[in-house]
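Visitor: Below is a structure I'd like to ask you about.
The values are calculated or read from the model by the stated rules, or taken from the named source; none is laboratory data. These numbers were taken from a predicted model, which means no experiment stands behind them. All Cβ positions, even for glycine, are placed from backbone atoms using ideal geometry, and neighbour counts span all protein chains on display.
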Amino acid sequence: MTKRSITELLSQMTIDEKIAQLIQVTPDFLTDTEANLTGPLAALGLSEDIIHNIGSVLSAVGAKETKAIQEQHLKRNRLGIPLLLMADIIHGYRTIFPVSLGLASSWDMNLAERTAEAAAKESAVTGLHVTFAPMVDLVRDPRWGRVVESTGEDPYLNGEYARAFVRGFQGEDLSADTDRIAACVKHLAAYGAAEGGRDYNTVNMSERQLRESYLPAYKEAVDAGSELVMTAFNTVDGVPATGNRWLMRKVLREEWGFGGVLISDWGAVQEMIAHGAAADGAEAARKAIEAGVDIEMMTPLYVLDLKRLVEEGKVDEALIDESVLRVLRLKEKLGLFDNPYRGADEEREEEVILSGEHRAVAREAAVKSAVLLKNEGVLPLRSGQKTALIGPFAQSGDILGPWSLWGKREEAAQLYNGMLTKTESSLLRVAKGCDVESGSEEQLEEALQAAREADIIVLALGESSEMSGEAGSRGDIRLPKAQLDLIARLKPLGKPMAAVLFNGRPLDLHGVIDEVDAVLVAWFPGTEGGNAIADLLYGDSAPSGRLTMSFPYAVGQIPVYYNHYNTGRPLTPENADQRYVSKYLDMPNDPLLPFGFGLGYTTFTYAKAALSAETIRPGETLTVTVDVTNTGETAGEEVVQLYVRDVAGEVVRPVKELKAFRKIKLAPGETVSVAFELGEEQLRYYHSDLSYESDEGEFQLFVGANSRDAEALSFQLVK
Ligand code: BGC
């Protein structure tokens, strides 16, 4: 259908039909049985008529089911407008890849893109059209359960991942490529800055901070062509994001030129009432449509109130037309008017879903996501070693993580089974030791028994999937006490211990990292988790992940992140014993492990970096070169990182900002020369009047292995 005929279609629609295009419910609402009509539908105030004209549904999955839903819908829909089918395909459909915070640790955009491509393909054959991903919220508070869905604390890196995920989901040409699905970047904006890390909580920050740190990744996703954007639950400067005209009309539509579909988060239009920003449903609906929210997810206020508001002259019908056009245009772009079933194909489901090819990507991704935090000579395991694998995750399928709705725990490779493919079963003992959050003396005894006979203990510890994700905030981010007790009971045996952690957030590692000889963070590694971790434990692969979110020393420091400001009384090694400096009396300022940190099985040394010039002018590029050598005995990968600091800005500037990185693979003894180019445009920032420009003067530049251990150089910007 051409653009013109979309407009024609709009002109044939009644106002009720138009408004129905703008709501979204789950498919169970679509059955107009007597029970449904008088039950859930009546509760929402939705009539049979509206349901027949609805624009989209959430979570319909499986080719047979989606085809049936679409077929039934088209039979009843007067104008034959197909449904859009949307769902949360966050880190895989049935083949589950590592959670985003894990995958982010790979610092590998190509890999991220390939996981999204595979996820799109598996969903597209089931008939899905849209995924509610990528989630690109910048995060600084590991108490917030949804850090597991994000790619971390850095605006630049988040932006790179945002692009990679959108490319992976949508491909080059969404219209032609039915193995792809439309992306929906979320949650605009700053959902990751919820106060105290408590989900859905207030967000309070200056516009400058919002633009500097929080908005860039959403913008990158929009620039990469994300077809949809989702609003956030939180307020932005006092106004709920879902009714925030400034954010949605001015920033998103006007400044960024976004022409796609804006969808509310689940129930977020109605939540404006609880926020205290709308007196009733009608006011909430009006505010949302005025902000340009095209689809209302899971509440019926548009349907209940918009028509009357138009009749009363309180809402301009043009706003509704505009939203309907955007929804119809997306349907057209996906080719649904020509083929409402798009990619849905039961036969291809068999061949595509959980294919060997996708499992291979999942294994590669899980290997590259793992981060080695400590290793005092115990990893990799040596052949012939008698090993006791102990912990609640030794034989657990709960390694897929939150948002793996169609993943199956029974299909996940458990760690014990992965290890059995590497070693003789007579050398491997296994015991649970405790459950995730509780334990018994019997379990401990069994673990001690297994451990006594072993040369080395591998602990499989962590959080259950329910302990992070949406509404998964924790105030105490240590491992549950039962697991800390398990470590404490095993410790007196005096055996070497290596801990593998399955977790959805940076943890407070007291009671773990100080007690064991090695710590490998596996995150929630997904379907191939156990095989991938076994690859790493036995040295068939080497850990190469680097943290993209700081691991705090303790909760009391939070928020703690590398790109903070300096303060007027910064703590330095020289003034550490003085009182009136910015510090805690009872804990360090620095996180336990910084952004960018991770070890491997080899070592790297950095030669002194060299600059091509001492000054730079607009239009010129500065080249930074550094030689990196693998000084160990095995091959390994290193992520060489470049940070910049503007020494004196018009407003204060972060002590370091990541500007570039390069992931390199080096054979033992090999040296690679890494060159980065830096231009004036990378030195720009938001001034107090929100102008985006650079300042003349001194800049520091840091090249190194992480945000803490990086050598400082200096250059001048002259304008
Ligand atoms: C979440 C979104 C998600 C939506 C639909 C909401 O509760 O905040 O991230 O996309 O539900 O499932």
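Visitor: Counting only residues that are more than 16 Å from the ligand (Cβ to nearest atom) and not aliphatic (A, V, I, L, M), which one in region 173-201 is surrounded by the most Cβ atoms within 10 Å (Cβ to Cβ)?
Guide: Going residue by residue through region 173-201, those that are more than 16 Å from the ligand (Cβ to nearest atom) are 173-180, 195-196.
Those left that are additionally not aliphatic (A, V, I, L, M): 173, 175, 177-180, 195-196.
Numbers: Asp173: 8, Ser175: 10, Asp177: 15, Thr178: 20, Asp179: 17, Arg180: 25, Glu195: 12, Gly196: 14.
Residue satisfying both the conditions and the ranking: Arg180.
Visitor: Also, quick follow-up: For region 379-388, check the following and say yes or no: at least one residue is touching a Phe, Trp or Tyr at 6+ places or on another chain (Cβ under 9 Å), closer than 28 Å to Thr131 by Cα and not hydrophobic (A, V, I, L, M, F, W, C).
Guide: no
Visitor: Are there any pairs with C-beta distances below 6 angstrom linking a residue in region 514-529 that is closer than 26 Å to Lys491 by Cα to a residue that is charged (D, E, K, R) and modelled with pLDDT of 95 or more, with the two at least 6 apart or on different chains, and if so which?
Guide: The qualifying pairs are Glu515/Lys491; Asp517/Glu376; Ala518/Lys374; Val519/Lys374.
Visitor: While we're on this one: Let me confirm something: among Val139, Val166, Val148, Val185, which residue is among the hydrophobic types (A, V, I, L, M, F, W, C), at pLDDT 95 or above, within 14 Å of the chain's Cα centre (by Cα) and part of a loop (DSSP other than H, G, I, E, B)?
Guide: The conditions single out Val139.
Visitor: State which residue is farthest from Gln21 (Cα to Cα) when the search covers only region 303-333 and only residues that are hydrophobic (A, V, I, L, M, F, W, C) and touching an Asp or Glu at 6+ places or on another chain (Cβ under 7 Å).
Guide: Narrowing region 303-333 to residues hydrophobic (A, V, I, L, M, F, W, C): 303-304, 306, 309-310, 315, 318-320, 324-325, 327-328, 330.
From what is left, the residues that are touching an Asp or Glu at 6+ places or on another chain (Cβ under 7 Å) are 310, 319, 327, 330.
Details: Val310: 16, Leu319: 13, Val327: 7, Leu330: 12 Å.
Across region 303-333, the extreme among qualifying residues is Val310.
Visitor: With the checklist (1) loosely packed, with under 13 Cβ neighbours inside 10 Å; (2) outside any strand (DSSP E or B); (3) more than 31 Å from the chain's Cα centre (by Cα) in hand, flag the one item Ser673 doesn't pass.
Guide: So the condition that Ser673 fails would be (2).
Visitor: Looking only at region 405-462, which residues are of a type in the set (Lys, Arg), closer than 30 Å to Ser355 by Cα and in a loop (DSSP other than H, G, I, E, B)?
Guide: Lys408, Lys422
Visitor: Ok, one more. Filtering region 284-319 down to residues that are of a type in the set (Val, Ile, Thr) and under 29 Å from the mean Cα position of the chain (by Cα), which residue is surrounded by the most Cβ atoms within 10 Å (Cβ to Cβ)?
Guide: Of all residues in region 284-319, those of a type in the set (Val, Ile, Thr) come to 289, 293, 295, 299, 303, 310, 315.
Within this subset, residues satisfying the condition of being under 29 Å from the mean Cα position of the chain (by Cα) are 289, 293, 295, 299.
Numbers: Ile289: 27, Val293: 29, Ile295: 26, Thr299: 24.
My answer is Val293.
Visitor: Hey, does region 115-137 have a residue that's buried (at least 24 other Cβ atoms within 10 Å of the Cβ), closer than 19 Å to Met230 by Cβ and in contact with a Pro (Cβ under 7 Å, 6 or more places away or on another chain)?
Guide: No: zero hits.
Visitor: Quick check, is Lys18 at negative phi, free of Cβ contacts under 8 Å to residues at least 40 places away in the same chain and more than 16 Å from the ligand (Cβ to nearest atom)? Outline the logic, then answer.
Guide: On the way: at negative phi: yes; free of Cβ contacts under 8 Å to residues at least 40 places away in the same chain: no; more than 16 Å from the ligand (Cβ to nearest atom): yes.
Answer is no for this residue.
Visitor: Is region 231-238 home to any residue that is within 16 Å of the ligand (Cβ to nearest atom), over 25 Å from Val166 (Cβ atoms) and assigned by TED's automatic domain parsing to the domain that holds Glu322?
Guide: Residues of region 231-238 that are within 16 Å of the ligand (Cβ to nearest atom), as a first pass: 231-236.
Then keep just the ones that are over 25 Å from Val166 (Cβ atoms); that gives 235.
Checking the rest, the ones that are also assigned by TED's automatic domain parsing to the domain that holds Glu322 come to 235.
Yes; the residues of region 231-238 include at least one that is within 16 Å of the ligand (Cβ to nearest atom), over 25 Å from Val166 (Cβ atoms) and assigned by TED's automatic domain parsing to the domain that holds Glu322.
Visitor: On to the next question. I need the helices (runs of 4 or more DSSP H) fully contained in region 249-317, keeping only those with at least 1 residues that are touching a residue at least 24 places away in the same chain (Cβ under 8 Å), away from the ligand (no atom under 16 Å from the Cβ) and touching a Pro at 6+ places or on another chain (Cβ under 9 Å).
Guide: Values: elements: 271-275, 281-291, 301-311.
Answer list for region 249-317: 281-291.
Visitor: Arg167 fails exactly one of the following numbered conditions: (1) surrounded by fewer than 24 Cβ atoms within 10 Å (Cβ to Cβ); (2) within 16 Å of the ligand (Cβ to nearest atom). What is the number of that condition?
Guide: Evaluating Arg167 over (1) surrounded by fewer than 24 Cβ atoms within 10 Å (Cβ to Cβ); (2) within 16 Å of the ligand (Cβ to nearest atom) leaves (2) as the failure.
Visitor: Quick check on this structure: which one of Leu484, Leu547 is in a loop (DSSP other than H, G, I, E, B) and either within 26 Å of the chain's Cα centre (by Cα) or farther than 19 Å from Ser106 by Cβ (or both)? Walk me through it before giving the result.
Guide: Numbers: Leu484 fails: in a loop (DSSP other than H, G, I, E, B).
Criteria check complete, one pass: Leu547.
Visitor: Right, here's the next one. Filter region 58-72 down to the residues that are closer than 17 Å to Tyr93 by Cβ and among the β-branched types (Val, Ile, Thr), then identify the one that is farthest from the ligand (Cβ to nearest atom).
Guide: Looking at the filtered set, the residue picked out is Thr66.
Visitor: For region 385-419, how many residues meet the condition of being farther than 22 Å from Asp485 by Cα and without any contact (Cβ under 8 Å) to a residue 60 or more places away in the chain?
Guide: Here the count works out to 3.
Here's the yes/no breakdown for (1) more than 16 Å from the ligand (Cβ to nearest atom); (2) more than 17 Å from the chain's Cα centre (by Cα); (3) more than 21 Å from Met467 (Cα to Cα):
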| residue | (1), (2), (3) |
| --- | --- |
| Leu74 | yes, yes, yes |
| Asn77 | yes, yes, yes |
| Asp88 | no, no, no |
| Pro98 | yes, no, no |
| Leu103 | yes, no, no |
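Visitor: Give just the number: which of (1) buried (at least 24 other Cβ atoms within 10 Å of the Cβ); (2) under 16 Å from the mean Cα position of the chain (by Cα) does Pro240 not satisfy?
Guide: For Pro240, the failing item is (2).
Visitor: Do we find a residue being among the acidic types (Asp, Glu), more than 20 Å from Asp695 (Cβ to Cβ), surrounded by fewer than 19 Cβ atoms within 10 Å (Cβ to Cβ) and at pLDDT 95 or above anywhere in region 635-656? Write out each step before concluding.
Guide: Of all residues in region 635-656, those among the acidic types (Asp, Glu) come to 637-638, 646, 650.
Imposing the further condition that a residue be more than 20 Å from Asp695 (Cβ to Cβ) reduces the set to 637-638.
Applying the additional criterion that residues be surrounded by fewer than 19 Cβ atoms within 10 Å (Cβ to Cβ) yields none.
Scanning region 635-656, I find no residue that is among the acidic types (Asp, Glu), more than 20 Å from Asp695 (Cβ to Cβ), surrounded by fewer than 19 Cβ atoms within 10 Å (Cβ to Cβ) and at pLDDT 95 or above, so the answer is no.
Visitor: Criterion first (in contact (Cβ under 8 Å) with a residue 12 or more places away in the chain and in a loop (DSSP other than H, G, I, E, B)) does Asn566 satisfy it? So that I can check it myself, show each step before the final result.
Guide: Working: in contact (Cβ under 8 Å) with a residue 12 or more places away in the chain: yes; in a loop (DSSP other than H, G, I, E, B): yes.
So Asn566 passes the test.
Visitor: Among the residues of region 32-74, what is the count of those that are closer than 15 Å to Met86 by Cβ and not small (Gly, Ala, Ser)?
Guide: First, the residues of region 32-74 that are closer than 15 Å to Met86 by Cβ: 54-62, 65-66, 69-70, 73.
Imposing the further condition that a residue be not small (Gly, Ala, Ser) reduces the set to 54, 57-58, 61, 65-66, 69-70, 73.
So the answer is 9.
Visitor: Here is a follow-up. If you take the residues in region 121-151 that are touching a strand residue (DSSP E or B) at 6+ places or on another chain (Cβ under 8 Å) and among the acidic types (Asp, Glu), which one is farthest from the ligand (Cβ to nearest atom)?
Guide: Asp137
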